[in-house]
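Beneath this line is the structure, given in structure tokens, with notes to follow.
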Amino acid sequence: MSTKNKRKKKQREELAFREVERERAQTLRLRKPTTKQRMLYFFVGLIMNALPTYLFFSIYEMDLLKSLPLFGFVSIICSIILSMGYHNVSFFLKHRLLKKTGVNFQKQRTKKKVAGGEREERQKKQLESSITTQAVSLSLLYNSLFFLVIVLIFAFYITWIFEAHANYILSLAVASSIVTYISSTKIQ
């Protein structure tokens, strides 16, 4: 009897271990952005960085041709930083929305009916897709507005005493860093 109990206990432990591994794999899958999301985040970040570029070009009268390498380099670097912030908020919102809707993707029944199980899986995937779209949209809106407000505050109130090139670099770099930092602290 004791060997039989030991085997059952070992099987339960293995089952629990597999369940934990499944949950960890699910969390990692949700945590890592897809290529499509990365491209979306980067291009929206480029557009958000192009708006202040126009501001500095027109108001601070920076020469476009002479400053083009600076505009390009700073915009690309800040877009990469900003895309991390987009994903952080998207990840946070996705988990929050999943908890609110009560969907639990980690628990799976071992004995499913074939037709009912497939329908249920399709509904879960559709719901997860809808929640992902909502989270990404809210993330883009929230971070973009937050970024632009910080850029305007820095450009006109904090770094206005510097030369236009330094003002441009500081405003965009600090704004994208603040947005990414605040979005990463929201997750923890």
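The values are calculated or read from the model by the stated rules, or taken from the named source; none is laboratory data. This is a predicted model, so every value here is computed, not measured. In this analysis, Cβ positions are derived from the backbone assuming ideal geometry, glycine residues included, and neighbour counts consider all displayed protein chains. In case anyone asks, the SASA skips ligands and DNA or RNA and just uses the protein heavy atoms, side chains included. Shrake-Rupley method; radii C 1.70, N 1.55, O 1.52, S 1.80 Å.
Couple of notes before you dig in:
- When each of 28, 40 is tested for being at pLDDT 85 or above and part of a helix (DSSP H, G or I), the lone residue that passes is 40.
- Candidate set from the range 73-102 (those that are open to solvent by 30 Å² or more (accessible area, probe 1.4 Å) and at pLDDT 90 or above); member that is farthest from residue 180 (Cα to Cα): 73
- Selection count where residues are modelled with pLDDT of 90 or more and open to solvent by less than 70 Å² (accessible area, probe 1.4 Å), scope the range 60-72: 3
- Residues that are crowded, with 18+ Cβ neighbours inside 10 Å and polar (S, T, N, Q), drawn from the range 122-142: 132, 139
- Positions within the range 143-184 being within 20 Å of residue 58 (Cβ to Cβ), of a type outside the set (A, V, I, L, M), surrounded by 15 or more Cβ atoms within 10 Å (Cβ to Cβ) and without any contact (Cβ under 8 Å) to a residue 40 or more places away in the chain, in sequence order: 154, 159
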